[in-house]
Amino acid sequence: MASSAADPAASAELFARARAVTPGGVNSPVRAFSNVGGTPRFIERAEGAWLHDADGNAYVDLVASWGPMLLGHAHPEVTAAVQAAVSRGTSYGTPTRPEVELAEEIVARTPVERVRLVSSGTEATMSAIRLARGFTGRDVVVKFAGCYHGHVDALLAAAGSGVATHAVPGSPGVPEAVAAATLVLPYNDRAAVAAAFAEHGDRIACVITEAAPGNMGVVPPAYVDGEGFNAYLARTCRDHGALFISDEVMTGFRASRRGQWGLDGAHEGWTPDLMTFGKVMGGGFPAAAFGGRADVMALLSPDGPVYQAGTLSGNPVACTAGLTTLRLATDDVYAHLDRTATVLAEAASQAFTAAGVPHLVQRTGTMFSLFLTEDEVAEIVDFAGAQAQALHRFRAFFHAMLEQGVYLPPSAYEAWFVSAAHDDRAVEHVLAALPAAARAAAAATPGETA
Ligand SMILES: *Cc1c(COP(=O)(O)O)cnc(C)c1O
């Protein structure tokens, strides 16, 4: 049944052709196997919890398109709604009903008062920052190391501990002036935030953070005297006239039915000035959004002077996919995701314990990730902690899972994503693969490539 050939000849052939015409052979770097070695699998179709590659292998999918596929692949109702939408024409360059309904759904479920639809999470964060700068008349953006907000120039900057003085672009091609206007602080570090505001407070336009980071592996916001890191940031921004941007591109509508992580009753709420969404709200199509306070959003073109636009923004097919997905994502769906995440996280932890591999499982809502630490570690609170991993063990684990028909994120710094379609058969398939893969991780030696 779901076994994986040792030599993925068809994927290898496609990969060779891809590399001849596309840098690295992939259209987004996370899809390459550069962190784990080997040949990326070329997927030809997917249904429910399963991916099928060009070599005829099947895999239980724990990537879910990096988050969006909350209901599983090719959900019959989403597929039918999309097919009907396509048959009405795919793009008109005019306002349409699906975009009104999707915006209404987002406003109803989240703290945002007004929302603008865009086509990618990157566009959403880029536009939110422009708007925050326009609203405050300030330039500086504060972000946290290890948080990913898309490939926006200002958000790729990594300044290290030298903060403003030693700002260097995190990627060649980002102008130094742009990087210099970005302060990168350690996640969960309130003293660093306080120091940044003490020194640069009147220049800070906004603080942007993942509501519950998943892009360095899952690192939950820390609580101090009952106040979570998000609430602390919202309060600090308010005190200094800066805007608080909560990036929920990954967490929004995945961690809970409400678009905002933390509004599940287990955590105190906070109200961001601006929020960004993507992934799940597009239902597997390019749709994303940013929104927030009505007085801030009023500055956007055509009501206000801050320009923002998009030929395919609010595309009717993408909005139909997103809207259908959100309407089908009931409380039962989130309860199922929660149970599935618990079963998988506990089983993974048991397998590593049995194999004698130091590890840590961290969770926020239905997202979780596994850190194969060098030694036993109680908690990972920031990017520096997340980076201290035995990557050779992850590589061996990843490939042993892949060979047994389980598709994990090909990186040690990513969350695992489950879907409503992960039924008992899919879950049991993963559980059966874990012990041997954990033993492969135990046997791996540093420097070994897969
Ligand atoms: C994926 C992601 C983005 C970028 O979204 P794209 O659609 O890939 O541009 C931004 N922020 C967060 C938190 C994300 O996880």
* Structure fact -> Going through segment 50-65 in order, the residues found to be acidic (D, E) and either free of Cβ contacts under 8 Å to residues at least 40 places away in the same chain or out of contact with any Asp or Glu (no Cβ under 8 Å at 6 or more places or on another chain) (or both) are D55, D61
* Quick one: which of F290, F285 is open to solvent by 40 Å² or more (accessible area, probe 1.4 Å), within 16 Å of the ligand (Cβ to nearest atom) and of a type outside the set (D, E)? -> F285
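Given the structure, is H429 within 30 Å of L71 (Cβ to Cβ) and not in a helix (DSSP H, G or I)?
When the stated conditions are applied, H429 does not pass them.
Would you point out which residue out of R31, R109, R97, R88 is closer than 21 Å to S369 by Cβ and among the basic types (K, R)?
R31
Which is at pLDDT 95 or above, more than 16 Å from the ligand (Cβ to nearest atom), farther than 30 Å from Y334 by Cβ and surrounded by 15 or more Cβ atoms within 10 Å (Cβ to Cβ), of F42, F33?
One residue alone meets the criteria, F42.
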* **Top-ranked residue in segment 363-381 [being surrounded by 20 or more Cβ atoms within 10 Å (Cβ to Cβ) and not hydroxyl-bearing (S, T, Y); ranked as nearest to S419 (Cα to Cα)]** => M367
* Scan of segment 105-124 for residues that are away from the ligand (no atom under 16 Å from the Cβ) and of a type outside the set (A, V, I, L, M, F, W, C), ordered by number -> E105, R109, P111, E113, R114
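With respect to S301, is the statement that it is in contact (Cβ under 8 Å) with a residue 40 or more places away in the chain and either within 26 Å of M69 (Cα to Cα) or in the same structural domain as V115 (by TED's automatic domain parsing) (or both) true?
On the way: in contact (Cβ under 8 Å) with a residue 40 or more places away in the chain: no; either within 26 Å of M69 (Cα to Cα) or in the same structural domain as V115 (by TED's automatic domain parsing) (or both): yes.
Here the answer is no, as S301 does not meet what is asked.
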* Consider R339 carefully, then state whether it is buried (at least 23 other Cβ atoms within 10 Å of the Cβ) and out of contact with any Leu (no Cβ under 9 Å at 6 or more places or on another chain). => no
* Here is a list of conditions, (1) under 22 Å from T110 (Cα atoms); (2) open to solvent by 20 Å² or more (accessible area, probe 1.4 Å), and A195 meets all of them except one; can you say which number that is? -> (1)
* To do: List every residue pair whose Cβ atoms sit under 8 Å apart, with the two residues 6 or more apart in sequence or on different chains, where the first one lies in segment 67-85 and is among the β-branched types (V, I, T) and the second, anywhere, is in a helix (DSSP H, G or I).
  => V78/A321; V78/T324; V78/T325; V78/L328; V82/V317; V82/T320; V82/A321; V82/T324
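State yes or no: is R19 open to solvent by 20 Å² or more (accessible area, probe 1.4 Å) and within 21 Å of H429 (Cβ to Cβ)? Break it down stepwise before answering.
Details: open to solvent by 20 Å² or more (accessible area, probe 1.4 Å): yes; within 21 Å of H429 (Cβ to Cβ): no.
Against the criterion (open to solvent by 20 Å² or more (accessible area, probe 1.4 Å) and within 21 Å of H429 (Cβ to Cβ)), R19 does not qualify.
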* Asked: Can you find even one residue in segment 209-228 that is closer than 29 Å to T373 by Cβ, in contact (Cβ under 8 Å) with a residue 60 or more places away in the chain and in contact with a Leu (Cβ under 7 Å, 6 or more places away or on another chain)?
  -> yes
* **Conditions (1) open to solvent by less than 20 Å² (accessible area, probe 1.4 Å); (2) β-branched (V, I, T); (3) closer than 23 Å to T136 by Cα; number of the one not met by V218** => (3)
* Output the residues belonging to segment 26-49 that are in contact with a helix residue (DSSP H, G or I) (Cβ under 7 Å, 6 or more places away or on another chain) and among the small types (G, A, S). => A32, G37, G38, A49
* Asked: How about segment 88-98: which of its residues are open to solvent by less than 40 Å² (accessible area, probe 1.4 Å) and within 26 Å of V296 (Cβ to Cβ)?
  -> T96, P98
* To do: All but one of (1) open to solvent by less than 10 Å² (accessible area, probe 1.4 Å); (2) modelled with pLDDT of 95 or more; (3) closer than 17 Å to Y413 by Cβ hold for N188, so report the exception by its number.
  => (1)
* Structure fact -> Checked segment 125-158 for anything within 13 Å of the ligand (Cβ to nearest atom), open to solvent by 30 Å² or more (accessible area, probe 1.4 Å) and out of contact with any Pro (no Cβ under 8 Å at 6 or more places or on another chain); matches are M126, Y148, H151
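Table: residues versus (1) under 18 Å from H359 (Cβ atoms); (2) more than 25 Å from the chain's Cα centre (by Cα); (3) surrounded by fewer than 24 Cβ atoms within 10 Å (Cβ to Cβ).
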{"position": "A400", "(1), (2), (3)": "yes, no, yes"}
{"position": "Q404", "(1), (2), (3)": "no, yes, yes"}
{"position": "S411", "(1), (2), (3)": "yes, no, yes"}
{"position": "V427", "(1), (2), (3)": "no, no, yes"}
{"position": "A433", "(1), (2), (3)": "yes, yes, yes"}
{"position": "A436", "(1), (2), (3)": "yes, yes, yes"}
* Among (1) within 16 Å of the ligand (Cβ to nearest atom); (2) not assigned by TED's automatic domain parsing to the domain that holds V112, the one test that R339 misses -> (1)
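The values are calculated or read from the model by the stated rules, or taken from the named source; none is laboratory data. Keep in mind the model is a prediction, meaning the values are calculated, not measured. With ideal geometry, Cβ positions are generated from the backbone for all residues, glycine too; neighbour counts draw on all protein chains shown. Note: accessible area is taken over every heavy atom of the protein model, side chains too, but ligands, DNA and RNA are not part of it. Shrake-Rupley method; radii C 1.70, N 1.55, O 1.52, S 1.80 Å.
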